[in-house]
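First the structure, in the form of structure tokens, and then the observations on it.
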Amino acid sequence: MAAFSDLASIELLIGIPSREKMGTDINFLMFAEDPLVQTGVLALVGALFTHFALRNRPTHRFAGQLFFFIALTVLLFYHGVVPYDAGTSSGSVPERVFTGLARMIWWTNGALSLVGFVRAFLTFERRTREGRLLQDLVIGMIYVGTALSIAANVFSFPVGTVIATSGIFAIIVGLAMQSTLSNVFSGIALNISRPYAIGDWISLGDGIEGQVLETNWRATHLLSDTNDLIILPNSSLAKANLTNLSGPDRSHGVAITIRILPTVSPGAVTRVMQDVLLSCTSILPSPAPTTHIHSLDADAIEVKLSFHVAKLSAVGKTKDEVFDLVYRHVKSSGMKFASPSASLQPVLNNAESSASTVSTPLRLLNAIPLFTSLTEDEKEALATTMSRRTFRKGDVVVEQGSVLAALAIVRTGVLAVTSRDGEEEIETGRLAPGDFFGEGGLLTGAGASGTVRALTFVVVYEIALEHLAPLIHDRPSIAEELGAALLYRKQSVDPPHPIASEEHRQGSVARLAARIRGYVHRPSGN
């Protein structure tokens with residue numbers, strides 16, 4: 001016993017490992033050489049490396065997956081395992097278990113390599129959303145094919161026979177789910193082609209119209225202009241004649257038709273309608289608005305106005321503005337609207353002929369809401385004091401900062417109001433027939449907030465302060481109207497604070513009206 005101890009001590013001293021340690025090393029080497037361990041370790045290292053180290057680099061990730069898949073294939077062939085062989089393995093139970101697990105790992109790694117290829121290279125015209133959907137569909141088919149391959153090649157399951165014998169069951173299920181499947185595949189087609197996007201306004205051939213709120217595999221949700229929720233099955237939407245009112249961009253085209261009596265030439269009608277479009281500030285400058293004669297007969301000249309607005313929701317407000325400008329320009333030019341019914345034309349002509357006997361200044365006063373509180377006698381007296389001035393296209397009517405000595409009312413034409421801020425000149429508004437300017441200098445002594453320039457040939461009528469002051473004294477509503485106009489023009493140059501309330505605005509108008517009344521009634525010489 002003592003001799004054995006001495007021998008162990010000598011072996012330890014000269015560096016010879018103990019028998020227990022040698023046995024442990026031999027067991028570790030046998031474990032490391034186990035084909036199942038090598039296969040599992042290689043698959044695990046490949047999965048961890050490609051998932052974490054190459055997460056956001058799809059091309060490099062596919063290259064890494066392909067490398068580990070090839071290495072795994074070589075390893076299995078080295079150990080005599082053919083992973084795609086559908087035959088049953090011979091040998092002991094542990095060997096058959098190892099072969100089955102190895103084949104499952106091989107098929108799974110092959111599927112992951114194909115998925116990496118799809119993620120890296122399968123795109124859809126550089127559109128991320130559609131490309132992702134197409135990738136998901138292909139990847140789903142890859143996983144299904146992999147599962148069937150494992151069932152057939154690893155477990156020797158008769159997949160082909162089961163698929164053939166389950167055809168009747170598949171037909172029954174397909175017929176029962178025909179509507180659902182139709183909606184699903186229509187949803188896939190709509191998501192790939194993308195005829196609309198969330199937020200777009202669409203119109204269908206059967207009159208349904210609304211804004212797209214949500215689209216999924218089964219249905220598309222629309223919000224109508226009456227705030228109603230419309231749910232359309234994708235199968236119905238895929239078959240419908242669809243118009244995207246928000247495409248190809250958010251701007252929307254509008255066309256309106258105006259009927260004018262043929263008492264003037266079509267060219268004169270076109271020029272007036274061009275002035276209408278020029279004086280509307282809600283119309284987009286590009287594409288340029290257009291006018292053209294739509295039809296001409298003994299009853300009317302039909303002229304079509306076409307223009308674009310920034311978005312679909314602005315159509316109603318812009319059309320209201322255009323119709324108002326059409327009325328003012330047509331009236332100021334002496335033209336007459338045509339009735340849609342020829343039988344009513346004589347009545348309208350009689351009414352127009354009676355109105356044509358009124359003088360131009362008086363017609364101008366009758367058309368302006370500012371003077372609605374005046375009596376007919378007061379209007380006639382004021383009309384006799386008005387003076388007429390004309391300006392050619394490009395003339396500067398008022399310079400910024402200058403003080404006007406009269407209230408100017410636009411009779412015909414279009415004027416632009418611009419404000420200069422340093423070196424930059426900004427257009428703050430446009431004036432059309434019936435609009436007025438100069439009230440700031442006339443009524444408060446303040447200089448003009450902007451430069452007024454004629455965009456077309458312009459005719460204005462002016463009212464001096466000495467003729468307007470008595471009316472302001474007798475009609476406080478005129479001072480309030482002028483105060484509101486002054487406040488509006490000031491805010492167009494210097495916008496108010498966003499949280500300013502309507503009560504604050506009304507108070508500003510009242511204070512400004514009181515200032516106007518105090519200014520026009522100041523003692524002479526002050």
Just how much of PHE121 is accessible, in Å², when a 1.4 Å probe is used and the result is rounded to the nearest 10? 100
With a point put 7 Å past each Cα toward its Cβ, work out how far VAL93 is from LEU122 in nm, to one decimal. 4.1
Under the rule rounded for a/c under 1.5, else prolate if a/b exceeds b/c, else oblate, using alpha carbon gyration tensor axes a ≥ b ≥ c, region 227-290 is classed as prolate
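Sequence gap at least 6, Cα distance under 8 Å: using those rules, report the relative contact order of region 204-284 to the nearest whole percent.
On the way: 56 pairs, mean separation 14.0, N = 81.
Relative contact order of region 204-284: 17 percent.
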Rounded to the nearest 10 Å², what accessible area does GLU376 show when all protein chains are kept and the probe is 1.4 Å? 100
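The values are calculated or read from the model by the stated rules, or taken from the named source; none is laboratory data. Only a predicted model underlies this, so the values are computations on that prediction, with no experimental measurement involved. Cβ sites come from the backbone with ideal geometry, for glycine too, and all protein chains shown count toward neighbours. For the accessible areas, the whole protein counts, side chains as well, though only heavy atoms, and no ligand, DNA or RNA atoms are used. Shrake-Rupley method; radii C 1.70, N 1.55, O 1.52, S 1.80 Å.
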